């Protein structure tokens, strides 16, 4: 584990090496029955998988989100992206997310459970929000992936705000979107592995600096 301890404000100015993200060759867009079956085999064979969702942002007051529009799941080797609008049978995605045998790891998952239930009829099971776990007692908010990457790996996780707030409901996701979504899920799993190697403890008090 890295000795780097940074608050979010310090992290923005820190000169750290870049976190090694997945490549496009490690990202699979699940847009066919064959890819869905391959995804199920790989993901259900894992003890834990990275998990996240993306939704088209809302900009108008009172506008209700129709997300999630994309569900991302990752093994240690690759990420599988499930577009919600795809005509591919959704039962495979449901089976994975509802499986009590596979632990789903993510950050900031507060709204995912209700959104998946209301939009897709999926009852999310066996989930660990690492941001909540790392927060520990006596702290507000959650720990984000950027701060956790700096702490555990001594590296900087690059995340584009422009890509993060792009149209995730688009039928044709671009390369930047594919990589952004894939790495959100994959980094969560890698941080979980690092957290376990460190003893699976809450973050130290100075992990948060001035900002939580």
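Quick note: the coordinates plus some simple rules give every number you see, no bench work behind them. Computed from a predicted structure; not experimentally measured. All Cβ positions, glycine included, derive from the backbone under ideal geometry; neighbour counts span all protein chains shown.
Figures for the structure shown
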{"quantity": "Approximate spin-label separation residue 119-residue 172, in nm, with each point projected 7 Å along Cα-to-Cβ", "calculated": "2.3 nm"}
{"quantity": "Antiparallel content of DSSP bridges confined to the range 8-207, in %, to 5", "calculated": "50 percent"}
{"quantity": "Net lengthening on full extension, residue 66/residue 111 (0.36 nm per residue, minus Cα-Cα)", "calculated": "14.9 nm"}
{"quantity": "Stretchable slack from residue 45 to residue 198, in nm (0.36 nm times residue separation minus alpha-carbon distance)", "calculated": "52.6 nm"}
{"quantity": "Spacing of the two label points (7 Å from each Cα toward its C-beta) at residue 158 and residue 31, in nm", "calculated": "2.5 nm"}
{"quantity": "Residue 95 paired with residue 76, simple spin-label distance in nm, labels 7 Å along Cα-to-beta-carbon", "calculated": "2.5 nm"}
{"quantity": "Distant alpha-carbon pairs in the range 8-207 (separation over 32 angstrom), percent", "calculated": "13 percent"}
